[in-house]
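A.B. asks: My questions will all concern the structure given below.
The values are calculated or read from the model by the stated rules, or taken from the named source; none is laboratory data. This structure is a prediction, so every number in the text was calculated from the model and none was measured. As a convention, Cβ positions derive from the backbone with ideal geometry for all residues, glycine included, and neighbour counts pool all protein chains shown. Keep in mind that these areas ignore ligands, DNA and RNA; they rest on the heavy atoms of the full protein, side chains included. Shrake-Rupley method; radii C 1.70, N 1.55, O 1.52, S 1.80 Å.
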Amino acid sequence: MSGLTHLDETGAARMVDVAGKPVTAREAVASGRITMSPEAAEAIREGSAKKGDVLAAARIAGIMAAKKTAELIPLCHPLPLTRVAVDLAADETGVTATATAATEGKTGVEMEAMTAVSVALLTVYDMAKALDKAMEIGEIRLLSKTGGKSGGWVR
């Protein structure tokens, strides 16, 4: 119909058949940012938020989310992830999250990396909302991917 792989010939949504694709090493890196008041950012950096270690909780939440991506995004394949890393950099105005997801499989891990970033940032919001309800999450994007038929890509 439109050339989109998640639509069949009638336009109905479908999960892409990856049975004939070769297994390759695949990796994706995504990032995003939450901005906030200087006071909230300072509490996160100092570890003095009332709910505890915001960055540690966000890191674990991001890793867990990557592993649940196929349950959250309807047409994603469940993947045997070989690695998920979530790095959080806190500064004077917020936190930047960078997630790396890897697998040896037949389809990519871009959605896993972006899901990890999204949930890590949502966790920062949840743990620091008492300090700043006006925090903003944004700039979530894929930075790079390797592997598969289309090869590598870098923003």
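A.B. asks: Nearest 5 percent is fine: what portion of the DSSP beta bridges confined to segment 52-155 is antiparallel?
C.D. replies: 100
A.B. asks: Tell me, what is a quarter of the convex hull surface for the C-alpha atoms of the chain, in nm² with one decimal?
C.D. replies: Directional mean of the projected Cα hull area for the chain stands at 9.9 nm².
A.B. asks: Continuing with this model, one more query. Once you put a point 7 Å from the Cα of ARG155 and another 7 Å from the Cα of ALA19, both along the Cβ direction, what distance in nm separates them?
C.D. replies: 3.7
A.B. asks: Just from its helices, what would the mean residue ellipticity at 222 nm be for the chain, if runs of 4 or more DSSP H residues each count -39500 (n - 2.57) and the sum is divided by every residue, rounded to the nearest 500 deg cm²/dmol?
C.D. replies: Value at 222 nm, helices only, nearest 500: -9000 deg cm²/dmol.
A.B. asks: Taking all protein chains as present, what is the carbon and sulfur share of the accessible area of the chain, in % to the nearest whole number, probe 1.4 Å?
C.D. replies: So the carbon and sulfur contribution to the accessible surface is 57 percent.
A.B. asks: In the structure shown, do any of LYS106/LYS145; LYS67/LYS106; LYS50/LYS133; LYS21/LYS149; LYS51/LYS133; LYS21/LYS68 have a Cα-Cα gap over 18 Å, and if so which?
C.D. replies: LYS21/LYS68
A.B. asks: For segment 93-155, take N as its residue count and report Rg(C-alpha) divided by 2.2 N^0.38 Å.
C.D. replies: 1.36
A.B. asks: Further, regarding this structure: Which whole-Hz couplings ³J(HN,Hα) result when phi for each residue of segment 91-104 is put into the Karplus expression 6.51 cos²θ - 1.76 cosθ + 1.60, θ = phi - 60°, listed in order with x for Gly and Pro?
C.D. replies: Along segment 91-104, the couplings run 9, 5, 10, x, 9, 9, 10, 10, 10, 10, 10, 9, 7, 10 Hz.
A.B. asks: Ok, one more. State in Å² the accessible area per residue of segment 1-113; use a 1.4 Å probe, count heavy atoms of protein chains only, and round to the nearest integer.
C.D. replies: Ligands and nucleic acids excluded, the figure is 54 Å² per residue.
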